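The values are calculated or read from the model by the stated rules, or taken from the named source; none is laboratory data. Quick caveat, the model's predicted, so the values are computed rather than measured. So basically every Cβ, Gly included, is an ideal-geometry build from the backbone, and we count neighbours across all protein chains shown.
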Amino acid sequence: MSTSTYNTIAALLAIGVLIAFVVMVISLIAMIVRWKTPKRRGHGVRLLVSLIAIPCLIGIQQGILWLVFLPALGREQMAEINAARAEKLAETSVVQVGDTAPPFTLTTVNGDEFSLPDHGSVILINFFATWCGPCQIELPHLEQIWTANRNNTRFRILVIGREETMEAVRDYRKKNDFSFPIAADPDRSVYSLFANETIPRTLVVSPDGQIIYSKAGFMEEDLGELNAVLEKQLANLR
């Protein structure tokens, strides 16, 4: 429902409430004035009808507001947000969904080497920074994903601190009690292979080395799509 449609309906209902109120007042006065005449019964009926009509009309208006208009407005606003995010993603990405993931090698804080390509594995890559607010919200969810899949030898994850030192990301992981593999990208040499700005940035690489998921920024709604992509890819490897 559009805003103009809702405003038209709300205006008509408001007019209805006003008319019912006027009828109620007139009927009440007329009933008092003609209390001793037979006509008071007719005025009483009109008074009763108007008393019932007013809350009914207000209830209809509120029902349309909460059950129809606001949900539709929310969907419209979410569509606008998603369109803006998609545009921002396209503008800031060096590689897109469908492209082959660029090769790189990093060493994690545990001293393990992490390299792309890694054919045969589903790989989740996340770029973050210790000062980034949305990153702080997203990373606990990535920890849950890692915990749920860490025993799957076909699943790999790497969280990369953009413009962060190895010491900084090591301390950050310890402070937040994270266990996922984490590495530093102090000069943006790896980040620049994927994008030119915006964090957090999350990507999923398929077993054949293709980027199949890419998001810049973070919203709670992203988790459903991310988990669905991972589940489908991992199921195909069983």
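Does at least one position in the stretch 2-10 carry a residue that is among the aromatic types (F, W, Y), modelled with pLDDT under 75 and assigned to a helix (DSSP H, G or I)? First the steps, then the outcome.
The first filter runs over the stretch 2-10 and keeps only residues among the aromatic types (F, W, Y), leaving 6.
Those still in the list that are modelled with pLDDT under 75 too: 6.
Pick out the ones that are also assigned to a helix (DSSP H, G or I) and you get 6.
The answer is yes; a qualifying residue exists.
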Can you pull out every residue in the stretch 108-123 that is surrounded by fewer than 13 Cβ atoms within 10 Å (Cβ to Cβ), assigned to a strand (DSSP E or B) and touching a residue at least 24 places away in the same chain (Cβ under 8 Å)? none
Criterion (farther than 30 Å from G161 by Cβ, modelled with pLDDT of 75 or more and among the aliphatic types (A, V, I, L, M)) met by exactly one of A84, A101, A53: A53
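Taking the stretch 173-206, which residues are outside any strand (DSSP E or B) and touching a strand residue (DSSP E or B) at 6+ places or on another chain (Cβ under 7 Å)? I'd like the intermediate steps shown before the answer.
In the first step, residues of the stretch 173-206 are kept if they are outside any strand (DSSP E or B); the result is 173-181, 186-194, 196-200, 206.
Within the stretch 173-206, R173, F180, P181, R188, V190, Y191, L193, F194, T198, I199, P200, S206 qualify.
Suppose we filter N126, N151 for residues that are outside any helix (DSSP H, G or I) and at pLDDT below 95; which single one remains?
On the way: N126 fails: at pLDDT below 95.
Criteria check complete, one pass: N151.
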All but one of (1) within 24 Å of E220 (Cβ to Cβ); (2) loosely packed, with under 14 Cβ neighbours inside 10 Å; (3) in contact (Cβ under 8 Å) with a residue 40 or more places away in the chain hold for G133; state the number of the condition that does not hold. (3)
